[in-house]
C-alpha cells in the first residue's frame, strides 16, 4: 500500500532492500488486478462468462510476462544511456508503476458495470479514476527509473520515452507483419 500512499518512500525502500521477489510479487498483484478488471468488464456482456474468464487469464499472463520483459527493456535502455542498475531496477520500476494503473482499471471497470444504465456517467467516472491512477503510475515510473538507475530527469525522460517508442514500434510492426501474412494467406486461399 506504501506504493500508493508514499511512492517516494516505497522506491527508496526498494532501492535499499533490492528484493527481486517483492518486485515480482508486486507485478503479480498488478497482473491479478488487471485480470479482475477484465473479468468485471465482461459482466455486462451476457453469455460471455467463459470468454470473460479466458480473457482474464490471458490478461494475467500478458501483464506478468509483459512486465518481466519490459523490466529487461528498461534496464537495457537506462544502462545504455549511462544509468547504473541491473534487471532488478528495471523490473521494480515497471512493477511499482503498474500497480496504481491496475487499481484504476479495477475501479473503472466497477464504475462502468455499476453505471451501465447510464453509460455517459460510467465513462466520466471511469475517465476520472483512470486519469488519476494513470498519472500516478506514470509518475512512479519516472521517479523509480530516475532513483533506481541514478540518472538525472532529462536522461530519465529520454529513457522512458525510448522505451515507450520501442514498445509502440514493436506492437505496430508485429501487427502490420502479422496482418500482412494473414491477408496473403487469405488471398492465396490456403487458410480457407
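Only the coordinates and a few stated rules stand behind these numbers; no lab work does. Fair warning: this is a prediction, and the values are worked out from it, not measured in the lab. Every residue, glycine as well, gets a Cβ built from its backbone with ideal geometry; the counts of neighbours run over all protein chains shown.
Taking a ≥ b ≥ c as the square roots of the eigenvalues of the Cα gyration tensor, the chain is classed as oblate, since a/c reaches at least 1.5 and a/b does not exceed b/c.
Neighbour counts of C-beta atoms inside 10 Å place 42, 167, 1 in the sequence 1, 167, 42, starting with the fewest. Note on residue 87 and residue 185: the model spin-label points, each 7 Å out from Cα along the C-beta direction, lie 3.2 nm apart. Label zone (residue 142, point 7 Å along Cα-to-C-beta; backbone nitrogen cut-off 15 Å) within region 72-116: 97.
Sorted fewest first by neighbouring Cβ atoms within 10 angstrom, 72, 177 come out as 177, 72. Protection proxy ranking for 8-21, 123-136, using the average of other Cβ atoms within 10 Å per residue and placing the highest first: 123-136, 8-21. Among 152, 147, the order by Cβ neighbours within 10 angstrom, fewest to most, reads 152, 147. Assuming R0 = 25 Å, what is the FRET efficiency of residue 113 and residue 73, from their Cβ-Cβ distance, to the nearest 0.05? Efficiency computed from Cβ-Cβ geometry: 0.15. For residue 61 and residue 128, a Förster radius of 22 Å and the Cβ-Cβ distance give a FRET efficiency of 0.15, rounded to the nearest 0.05.
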